[in-house]
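One structure below.
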Amino acid sequence: MLDDAERLRMTLLAMMRYSTHYKEGIGNNWLDELFPSKPIQPGENFLGGSIIVYNYDGNSPKLYAAFIVDGVVIIRSKDLPYDDSTPWEDLLLFGTDISCVAMEFDGYWDRDYNTRRFNFVTEEYPWLFYVQGGNLYAQYWQDDPLLLATSVTKCAAIRGWVPVAGDTTNDQGLIIAYLKTDGKMYYRSYCIQAGGLKDWEIQREVTELGDTIDDLALFRTNDFRLGFIAEKSGNVHWTMTERNYAGMSYWPELLTGKFSGFTAIDLIEIDYVDVAAPIEHLSGRYDTLCIGLNLEADVVGTCTGADITGESEITLKFSQPLAGNIARIKDLVMVSNEAMTVYYTPVSTAIGDANNELVLAVAELLDTEGATTITVGEATIYLQPSGTGSMLPMTAFSVNASLDRDPYHLVNLTGRFNMTTLNFIEIVASNTSNQEAASLTGRFNGFTSIVLTKVGSGDV
C-alpha cells in the first residue's frame with residue numbers, strides 16, 4: 001500500500017502526461033517546488049514524451065516514460081514508490097525520424113473494498129502513438145502499427161471514463177487527440193463496440209477549439225468529464241465533454257442482518273435490455289378549423305371588402321371562392337364598432353349569393369350610422385399557392401363594413417286634417433330600386449293649398 005505522500009507523488013507524476021513536452025527530465029517548475037525532478041534522459045537532443053502509471057492487476061505500480069532522442073522512441077520504467085537509488089529500466093527502443101510520441105494504458109476501474117475507492121487497473125502493456133513523416137500510428141506495445149491519420153503534427157493520449165457496468169453506449173474509450181497541418185484538433189477513440197469487442201472509431205474534429213492551434217493536451221476530471229486543451233499564440237483554450245456518470249461516486253448498497261430459518265436467499269440481477277422503441281402512429285378524424293382561398297386561381301386570394309347588408313348582417317367579399325368549414329368561422333372572427341368599444345356576437349357564417357361571399361350574422365342590431373369592423377385572426381384563413389398542394393396562413397387583418405345603400409323611410413300620413421295649408425317634405429334617395437313612394441291619405445276639410453317639397457331624384 002502507498003502512503004499519502006507517495007500517492008500524491010504518483011498523482012503529480014501521472015498528471016504530467018497531460019503536457020506534450022518534458023525538457024531535461026520529468027519535472028517542471030511547479031513540480032520541482034514539491035520535490036526535485038528526476039532525470040530520465042538528459043541531453044540537448046531530447047524531445048518531449050509521455051509519463052503514465054502502470055497498475056496491472058497483482059503487480060507493483062510503476063512509472064512508464066516514453067521520450068524521443070534523435071528521432072528514436074525510448075521507453076523506460078521505474079518502480080513505485082520512487083527511489084533515487086533505483087535506476088530506470090530500459091523496456092523498448094524503436095522507430096526513426098519520429099517527431100512526437102504519446103503513450104497511455106487502456107484498462108478499467110475496480111473497487112477496492114478496503115479503501116472504499118475505485119482504482120484504475122491497467123492492461124499489461126500500454127498503447128503507443130507516434131508521428132512519423134506526418135502519419136499518426138497506433139501500436140499496442142510491440143504489435144504491428146495501425147495508421148490512424150495523415151498530415152499530423154502533434155498528438156496526446158488519455159483513457160476516458162467508462163462506467164463500472166459500461167457498455168457500447170457510454171464508453172469514452174482510449175482517446176488519441178492530434179493536430180493536423182490545417183491547425184485544427186481531431187481525435188479518434190478506441191471504444192467498446194456492439195458485441196463487446198473494441199475497435200477504433202472514425203475521426204472527429206474538436207470544433208469548439210477552432211484552428212491555428214500550436215499545441216494540445218488532454219485531462220480527465222473527477223466529475224467524469226474529459227477535457228481538451230489548445231494553446232494558441234501563448235493563450236490556453238479548453239473545452240470539456242458532458243458528464244459520463246461512471247457509478248463510482250457512492251458506495252454500493254450492503255445487505256446485512258441475522259437470518260434464521262432460511263434455506264436459501266436469491267439475489268436476482270435486473271436484466272437491462274436495449275431495444276429500439278417502435279414507431280408510433282397517430283390516427284383520427286380532424287375537423288377543418290379554417291377556410292381556404294386560391295384553391296384554383298394563380299393570384300393570391302385576398303378580402304376585397306365588406307358591407308352591412310341587413311340590420312344584423314354583414315357580407316365579406318373575397319377575390320376567390322371560399323372552401324372549407326364555413327360555419328366554424330363564426331368562432332374565429334371578432335365584430336365591433338370602428339372604435340372597438342362596442343362588440344357584437346357572431347351567431348352564424350355561411351356562403352352568400354356568390355361563392356366568394358361570406359355572410360356573417362350577429363345577435364345584436366348593427367349601428368348603421370357608423371362603420372362596423374370585422375377582425376380576422378392569424379391562421380383563420382389559409383391561402384393555397386397554385387400547384388403546390390400546401391396551405392399558408394394569411395396574416396391577421398380587419399376590414400370595415402358600411403351600409404351598402406342609403407337609408408330610406410316610408411312616410412304614411414292618415415287622418416283628419418283641419419288646416420288651411422299642409423307643408424310636406426319628402427327626402428328621396430338617388431338609388432331607389434327597393435324604395436316605395438311616400439303616401440298621403442285621408443279626409444281634407446278647409447284646405448286652401450297643399451305644398452309638397454321633394455328632395456332627391458326618386459319618385460313620390
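Length available on full extension from THR345 to LEU147: 0.36 nm per residue minus the Cα-Cα distance, which gives 63.5 nm.
The modelled label-to-label distance for the pair ASN114/SER319, using points 7 Å beyond Cα in the direction of Cβ, is 8.8 nm. 3J(HN,Hα) along the stretch 83-100: 9, 4, 7, 8, x, 5, 9, 6, 10, 7, 9, 7, x, 9, 6, 8, 9, 7 Hz, from the Karplus curve 6.51 cos²θ - 1.76 cosθ + 1.60 with θ = phi - 60°, whole Hz, x for Gly and Pro.
Residue-normalised convex hull volume from the C-alpha trace of the stretch 53-121: 107 Å³ per residue. What FRET efficiency would be calculated for the residue pair LEU91, ILE279, taking the C-beta separation as r and a Förster radius of 41 Å, to the nearest 0.05? The value I calculate is 0.15. THR212 to ALA396: FRET efficiency via 1/(1 + (r/R0)^6), r the Cβ-Cβ distance, R0 56 Å, to the nearest 0.05? The formula returns an efficiency of 0.65 here.
Structure note, pairs LYS154/LYS184; LYS180/LYS232; LYS62/LYS198; LYS78/LYS154: Cα-Cα distances above 20 angstrom occur for LYS62/LYS198; LYS78/LYS154. The slack in the chain from ALA354 to TYR245, taken as 0.36 nm per residue of separation less the alpha-carbon distance, amounts to 32.4 nm. Summarising the amide proton neighbourhood of LEU128: residues at separation of 5 or more, or on other chains, whose placed amide H is nearer than 5 Å comprise GLN139, TYR140, TRP141.
Over every Cα atom in the stretch 120-198, the radius of gyration and the widest Cα-Cα span, Dmax, amount to 13.5, 40 Å.
All of the numbers you see were taken from the coordinates with simple rules; none came from a lab. Small disclaimer: the values here were computed from a predicted structure and weren't measured. We place every Cβ from the backbone using ideal geometry, glycine too, and count neighbours over all the protein chains shown.
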